[in-house]
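Here's the structure we're looking at; comments come further down.
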Amino acid sequence: MVAALLVGGLTACSASSPAPAADPAVESSPGSLPDTSVDGTVVHSGQVPALHPSVDDYPRGVVELVAGDGTTHRLAVLVADDDERRAHGLMEVPDVPTGTGMVFTFAADRSGGFWMKGTLTPLQIAWADADGTIVAVRTMEPCEADPCPSYEPGATYRTALEVRAGWLDEIGVGVGDRLRVLAGG
C-alpha cells in the first residue's frame, strides 16, 4: 500500500481478533482470484499473489468486512504489523489486485495519518476503531516527490485497510460498517 512514516503519528500508506489461519501460499502470477460465495460470505481471493519483492515476505492474513446491508466480504491481505512494515506499506507495488490489500494493525489507539510517498497506484483506505467500526474512508493518490499530502482519518483507529482505489465503494463498504482481522493480525 503506501509508505508509512512514523513521525508524529504519520504512517505511510501503511494499520483484531485471531481466528482460522490463512493459506500462506503466494500465487506466482499477478491478478486476483475469482469471487466465490461460501455460506453467504463473498470470498474475494484465497491468497495474495506476488506483488513486489519488498512486500512478498510480509505475513498473510484474512480480513472480513461487513457492509451495512449485512453482506460479508472476506479478502486475503498482507499484514503490516511492525514499524518497519507499516513504514514501507505498499511502496513500490505496481498493482494491488482487486479483492486483496494490506492491513495495518496497531496495539493501541492511533490518530495519525497515512501518506503515499513512493506508492505507485491509487489506494482506498478504511480506518477502524478498537471495536472494528470503520470510522473513516479516504481515496489516496500516488506521490513521487515531497511534499506528499497526509490522509487523516479525523478519528482514532486501531486498524487500517488499504485496497485498490474505489473497491470499497464497489462492494458498498463505508463509514459505520465493520472491519475484522480474522487471521494474521
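Things worth noting here:
- For the range 123-148, a residue qualifies if it is surrounded by 13 or more Cβ atoms within 10 Å (Cβ to Cβ) and not in a strand (DSSP E or B), and the qualifying residues are 129, 130, 132, 141, 142, 148.
- Condition met for residue 160 (assigned to a strand (DSSP E or B) and at pLDDT 95 or above): yes
- Count of residues meeting criterion [surrounded by 24 or more Cβ atoms within 10 Å (Cβ to Cβ), in a strand (DSSP E or B) and touching an Asp or Glu at 6+ places or on another chain (Cβ under 7 Å)] in the range 60-110: 3
- First in the range 140-152 and more than 18 Å from residue 127 (Cβ to Cβ), second anywhere and among the polar types (S, T, N, Q), Cβ under 6 Å, 6 or more apart: 142/119
The values are calculated or read from the model by the stated rules, or taken from the named source; none is laboratory data. A quick note: this is a predicted structure, and the numbers were derived from the prediction, not measured. Heads up, the Cβs are rebuilt from the backbone with ideal geometry, glycines too, and the neighbour counts pull from every protein chain shown.
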